[in-house]
Amino acid sequence: MLFNCLDYFICYNFCACLKIFIVFFENIVLCDTMIIMKSTIAQISTPIAMGGISVIKMSGKDSLAIARKIFRFKNKQSEIEPRHMYFGSISYHDFTEQCLMVYFKAPFSYTGEDVVEFQCHGGELLTREILNACLENGARLAENGEFTKLAFINGKISLDEAESMIDMINATSNAELKASSRVFKGELYEKISGMQERIKDAIVNLEVAIDYPEHDDETKGTEYLEEVLTYCKNELLKLKATASDGAIIKSGINVAIVGKPNVGKSSILNALIGSNRAIVTSIKGTTRDTIEESITHNGFKINFMDTAGIHESDDEVEKIGIERAKESIERADIVLAIFDASEKLDDEDKKILSILKNKLSLNIINKIDISKNNTGVEGIEISALNKKNIDNLKDLILNTAINHKIDFSGLIITNARHIEAINEALEKIEFVLKECKFQTIDILDMLTKEIWQILGKITGETENEDIISGIFAKFCLGK
Ligand SMILES: Nc1nc2c(ncn2[C@@H]2O[C@H](COP(=O)(O)OP(=O)(O)OP(=O)(O)O)[C@@H](O)[C@H]2O)c(=O)[nH]1
Ligand SMILES: [Mg+2]
């Protein structure tokens, strides 16, 4: 039993292992398969361009010593207080720059190590020269995301939090920012590590049964395992269900604009995006290919697809366009069915309505400037020509998407790697639940440990160095 627990601890608790090794090897961090020499790293943390200020950051045990070598305090300091801002200057080669310095003492810093930051006047060359001063005095250049990687290695953040930080940095809409920030706040970590805790208990129960078969009733271990795995399955299914919301939030709401020729589809696209992207003429069949353009409205990304007019056609090119229009309908979260206000509904319009029977769609009555609604169908009345009701149409699209497609009440999974791990864990859990009654306790023990490991891919406890490096490489320099 003792051996099994130890074995389990060493094999599966990657972070704990790191901490043990760090105690023994002061200057070496063992990171699974890779050894990183602990050194002081430096990089420019603000965009390398002209700006109001620039920030140069160092992390590592020599940060303060290097700062002392290059930074001259305006007022003499015997002690440097952590988290205090000091005014002074840095002289390097031919220049002297007045700047501010702040020191964060380990472990109370972003990386968990000693950190020093300089704030200087913004300027590409100036900032690079201060970085060079740090490098010449013992720091080495940090790689992309290395500060955040150190924060992860030093237990400051989990892997899912680090990834959500990348998602927040790359967010193109408020909705995406909102979803990623909930993961960043640790909500996903809490859920997954809670499941891992229960699974660990179940493993301990199984191992008691393995080590002391004479004292323990095997069925107690498997019954508890079934209970834990059923709980995890339900929790993971709930998370999985949010992935489609996550996809809409991340990639945007896909909206197809469809209708028979000449009803004003391209004019509506242009009015919605605020530019003359699509060609508009009075000739039927002007648009032959699908045109895609995106906007952000009230914090949500909306992707519009203007399509070729759907009707019977012998023209080869037009036929391909019509096929593409039908594909756009398939891809769309919402379809805008466009009708000409001045005309009665004809067979072509009716065919389009029948194609959209099982699709979330909105009826749009266009050209309301020339006529009242003669179509006989109800819908939002607009004029693409006069830009009438265009903002209301955008609101309607958004509200329809939120009401029918996105549930904001809970955590939303937007990260593809998290979704993959959730699916993998679910598959294994379903397998174990099915096999529970037929497998030996040793095999169940092994399979359950695998589930624990798969969930650890989200939190970072069991992920290998290649994947971890790949994740942090997505960060920008100086982060
Ligand atoms: N009066 C008026 N005319 C409009 C309006 N919207 C579009 N039109 C006109 O209707 C004609 C066709 O417009 P388009 O936007 O090219 O229509 P479409 O549905 O994309 O046409 P196809 O690409 O051929 O299928 C053009 O002459 C537009 O100026 C509107 O709101 N009011
Ligand atoms: Mg068109």
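Values in this text are rule-based calculations from the coordinates and carry no lab data. Nothing here was measured: the structure is a model prediction, and the numbers come from that model. Cβ coordinates were reconstructed from backbone atoms using ideal geometry, including for glycine residues, and neighbour counts include every protein chain displayed.
Quick notes on this structure:
- Across the chain, the relative contact order, built from alpha-carbon pairs under 8 Å that are at least six residues apart, equals 17 percent.
- 10 Å Cβ shell holding at most 16 others, DSSP loop, chymotrypsin sites (Phe, Trp or Tyr not before Pro): longest site-free stretch of the chain: 109-407
- When the pairs K260/K284; K351/K405; K260/K301; K105/K474; K233/K449; K76/K105 are compared against a 18 Å limit on Cα-Cα distance, K351/K405; K260/K301; K105/K474; K76/K105 fall above it.
- Placed amide H near C99: partners under 5 Å, 5+ positions off or other chain: G88, S89, I90
- Options H297, N374, Q119, ranked by Cα towards positive dipole end of the chain, top entry (Cβ charges): Q119
- When the convex hull of its Cα atoms is projected in every direction, mean area for the chain (nm²): 31.6 nm²
- Annotation: amide H of N254 within the under-5 Å range of N303, D333, I334, sequence separation 5 or more or interchain, hydrogens built in the peptide plane.
- Burial ordering of S59, S275, S328, fewest other beta-carbon atoms within 10 Å first: S275, S328, S59
- With neighbours defined as other Cβ atoms within 10 Å of a residue's Cβ, the residues M85, M58, M165 order from fewest to most as M85, M165, M58.
- Anisotropy class of segment 252-405 from Cα gyration tensor, a/c 1.5 cut: rounded
- Farthest toward the positive end of the dipole of the chain, out of C99, A209, G321, is the Cα of C99, where the dipole comes from beta carbon charges about the Cα centre.
- Cα-based shape type of segment 114-220, given that a ≥ b ≥ c are square roots of the gyration tensor eigenvalues and the cut on a/c is 1.5: oblate
- Projecting label points 7 angstrom from Cα along Cα→Cβ for D369 and L141 puts them 5.7 nm apart.
- Sparse-neighbourhood loop sites, trypsin sites (Lys or Arg not before Pro) in segment 384-440 - DSSP loop, at most 11 other Cβ within 10 angstrom: K437
- Segment E330-K185, length gained on full extension (0.36 nm per residue, minus Cα span): 48.6 nm
- Counting only GluC sites (Glu not before Pro) that DSSP places in a loop and that have at most 11 other Cβ atoms within 10 Å, the longest clean stretch of the chain runs over 80-213.
- Extents of segment 84-176, taken as max minus min of Cα coordinates on every principal axis and listed largest first, are 46, 31, 25 Å.
- Couplings 3J(HN,Hα) of segment 416-425, computed from phi: 4, 5, 5, 4, 4, 5, 4, 5, 5, 5 Hz, in residue order, whole Hz [Karplus 6.51 cos²θ - 1.76 cosθ + 1.60, θ = phi - 60°; x for Gly and Pro].
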